[in-house]
Amino acid sequence: MRKTYFTKETDAVKDWYVIDATDMVLGRLATRVANVLRGKHKPMFTPNVDTGDNIIIINAEKIKLTGNKLTQKLAFRHTGFPGGAKFVRYDKLMAETPERSIIFAVRGMLPKNKLRDRFMKKLHVYKGIEHPHEAQRPKSLDVMGMK
(Lines give C-alpha, C1' and ligand atoms only; values in the text may rest on other atoms or scores of the structure.)
Protein backbone atom coordinates (compact mmCIF):
# COMPACT_ATOMS: atom_id res chain seq x y z
CA MET A 1 0.00 0.00 0.00
CA ARG A 2 1.31 3.48 -0.87
CA LYS A 3 1.42 6.29 1.59
CA THR A 4 0.35 9.80 0.69
CA TYR A 5 3.26 12.24 0.58
CA PHE A 6 2.76 15.62 2.21
CA THR A 7 5.31 18.31 1.45
CA LYS A 8 7.12 19.83 4.40
CA GLU A 9 8.21 23.43 4.26
CA THR A 10 11.85 22.38 4.49
CA ASP A 11 11.44 20.20 1.37
CA ALA A 12 10.07 23.00 -0.82
CA VAL A 13 12.52 24.68 -3.20
CA LYS A 14 11.74 28.40 -3.29
CA ASP A 15 12.86 30.36 -6.34
CA TRP A 16 12.87 34.08 -7.09
CA TYR A 17 10.99 35.43 -10.09
CA VAL A 18 10.77 38.91 -11.59
CA ILE A 19 7.69 40.10 -13.50
CA ASP A 20 7.48 43.21 -15.67
CA ALA A 21 3.96 44.60 -15.18
CA THR A 22 4.05 46.87 -18.23
CA ASP A 23 0.66 46.88 -20.02
CA MET A 24 -0.71 43.96 -17.96
CA VAL A 25 -4.27 43.90 -16.65
CA LEU A 26 -4.32 44.16 -12.84
CA GLY A 27 -6.72 41.31 -12.06
CA ARG A 28 -5.15 38.80 -14.43
CA LEU A 29 -1.68 39.58 -13.10
CA ALA A 30 -2.86 39.32 -9.49
CA THR A 31 -4.44 35.87 -9.92
CA ARG A 32 -1.31 34.44 -11.48
CA VAL A 33 0.96 36.03 -8.88
CA ALA A 34 -1.24 34.69 -6.05
CA ASN A 35 -0.95 31.16 -7.50
CA VAL A 36 2.85 31.38 -7.70
CA LEU A 37 3.07 32.79 -4.15
CA ARG A 38 1.02 29.84 -2.87
CA GLY A 39 2.95 27.29 -4.91
CA LYS A 40 -0.03 25.99 -6.88
CA HIS A 41 2.11 25.82 -10.03
CA LYS A 42 4.33 23.15 -8.47
CA PRO A 43 3.60 19.41 -8.49
CA MET A 44 4.31 19.17 -4.74
CA PHE A 45 1.64 21.73 -3.75
CA THR A 46 0.16 21.27 -0.29
CA PRO A 47 -2.59 23.71 0.77
CA ASN A 48 -1.53 24.06 4.41
CA VAL A 49 2.22 24.53 3.72
CA ASP A 50 4.04 27.51 2.24
CA THR A 51 5.61 25.96 -0.88
CA GLY A 52 5.46 29.09 -3.06
CA ASP A 53 8.13 31.26 -4.62
CA ASN A 54 9.25 34.86 -4.13
CA ILE A 55 7.92 37.39 -6.66
CA ILE A 56 9.40 40.76 -7.66
CA ILE A 57 7.08 42.99 -9.70
CA ILE A 58 8.63 45.97 -11.50
CA ASN A 59 7.01 48.85 -13.42
CA ALA A 60 3.91 48.87 -11.20
CA GLU A 61 2.91 52.31 -12.50
CA LYS A 62 2.38 50.93 -16.02
CA ILE A 63 -0.35 48.44 -15.09
CA LYS A 64 -3.78 48.76 -16.70
CA LEU A 65 -7.34 48.52 -15.43
CA THR A 66 -10.09 47.66 -17.90
CA GLY A 67 -13.39 49.43 -18.39
CA ASN A 68 -14.27 52.27 -16.02
CA LYS A 69 -12.50 50.73 -13.03
CA LEU A 70 -9.96 53.55 -12.89
CA THR A 71 -12.65 56.06 -11.88
CA GLN A 72 -15.30 53.78 -10.30
CA LYS A 73 -13.38 51.12 -8.36
CA LEU A 74 -12.52 51.88 -4.73
CA ALA A 75 -9.60 50.53 -2.73
CA PHE A 76 -10.48 49.74 0.88
CA ARG A 77 -8.32 49.65 3.97
CA HIS A 78 -9.03 49.91 7.68
CA THR A 79 -6.94 51.70 10.28
CA GLY A 80 -7.91 49.26 13.03
CA PHE A 81 -9.80 51.87 15.02
CA PRO A 82 -13.60 52.12 15.22
CA GLY A 83 -14.90 54.00 12.18
CA GLY A 84 -11.48 53.74 10.54
CA ALA A 85 -12.60 52.62 7.09
CA LYS A 86 -10.69 54.41 4.33
CA PHE A 87 -11.72 54.36 0.65
CA VAL A 88 -9.73 55.79 -2.24
CA ARG A 89 -10.47 55.74 -5.98
CA TYR A 90 -8.01 53.84 -8.15
CA ASP A 91 -7.07 56.84 -10.30
CA LYS A 92 -5.81 58.63 -7.17
CA LEU A 93 -4.20 55.45 -5.83
CA MET A 94 -2.37 54.82 -9.12
CA ALA A 95 -1.13 58.43 -9.20
CA GLU A 96 0.23 58.35 -5.63
CA THR A 97 1.30 54.77 -4.89
CA PRO A 98 0.77 52.33 -7.78
CA GLU A 99 2.49 49.55 -5.80
CA ARG A 100 -0.44 49.41 -3.38
CA SER A 101 -2.94 48.63 -6.14
CA ILE A 102 -1.08 45.40 -6.93
CA ILE A 103 -0.64 44.59 -3.25
CA PHE A 104 -4.38 45.07 -2.56
CA ALA A 105 -5.33 42.88 -5.53
CA VAL A 106 -2.95 40.02 -4.68
CA ARG A 107 -3.81 40.12 -0.98
CA GLY A 108 -7.49 39.77 -1.77
CA MET A 109 -6.82 36.64 -3.84
CA LEU A 110 -4.88 34.79 -1.16
CA PRO A 111 -6.53 32.57 1.47
CA LYS A 112 -7.78 34.38 4.55
CA ASN A 113 -5.74 32.49 7.14
CA LYS A 114 -2.37 32.59 8.90
CA LEU A 115 -0.49 31.81 5.70
CA ARG A 116 -1.57 35.02 3.95
CA ASP A 117 0.89 37.20 5.86
CA ARG A 118 3.65 34.73 5.05
CA PHE A 119 2.76 34.83 1.36
CA MET A 120 2.64 38.62 1.32
CA LYS A 121 6.17 38.86 2.75
CA LYS A 122 7.36 37.09 -0.40
CA LEU A 123 5.82 39.72 -2.71
CA HIS A 124 8.01 42.70 -3.59
CA VAL A 125 6.48 45.46 -5.75
CA TYR A 126 8.47 48.41 -7.16
CA LYS A 127 7.43 51.49 -9.08
CA GLY A 128 10.29 51.60 -11.56
CA ILE A 129 12.57 49.06 -13.16
CA GLU A 130 15.15 49.11 -10.33
CA HIS A 131 14.94 46.64 -7.45
CA PRO A 132 17.39 45.64 -4.67
CA HIS A 133 17.10 41.87 -5.19
CA GLU A 134 19.78 41.26 -7.83
CA ALA A 135 21.78 39.13 -5.37
CA GLN A 136 19.00 36.49 -5.43
CA ARG A 137 19.40 36.13 -9.24
CA PRO A 138 15.67 36.23 -10.06
CA LYS A 139 14.45 34.48 -13.19
CA SER A 140 12.03 36.14 -15.57
CA LEU A 141 8.48 34.79 -15.33
CA ASP A 142 5.97 35.05 -18.17
CA VAL A 143 2.68 35.13 -16.24
CA MET A 144 0.50 35.62 -19.30
CA GLY A 145 1.72 32.30 -20.69
CA MET A 146 0.70 30.41 -17.52
CA LYS A 147 -2.53 28.44 -17.27
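Matching residues to (1) surrounded by fewer than 16 Cβ atoms within 10 Å (Cβ to Cβ); (2) touching a residue at least 12 places away in the same chain (Cβ under 8 Å):
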site	(1), (2)
N48	yes, yes
D53	no, yes
I57	no, yes
K86	yes, no
V106	no, yes
P111	yes, yes
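Among the residues of the range 107-137, just one is of a type in the set (D, E) and in a loop (DSSP other than H, G, I, E, B), namely E130. Of the conditions (1) over 16 Å from A105 (Cβ atoms); (2) modelled with pLDDT of 95 or more, A60 clears all except one; give me its number. Failing condition for A60: (1).
Of all residues in the range 97-147, those being more than 9 Å from the chain's Cα centre (by Cα) and among the aromatic types (F, W, Y) number 1. When residues in the range 1-42 are screened for being within 15 Å of K64 (Cβ to Cβ), among the aliphatic types (A, V, I, L, M) and assigned to a helix (DSSP H, G or I), 3 of them pass.
The values are calculated or read from the model by the stated rules, or taken from the named source; none is laboratory data. In this text the structure is predicted, and so the values were computed from the model without any measurement. Heads up, the Cβs are rebuilt from the backbone with ideal geometry, glycines too, and the neighbour counts pull from every protein chain shown.
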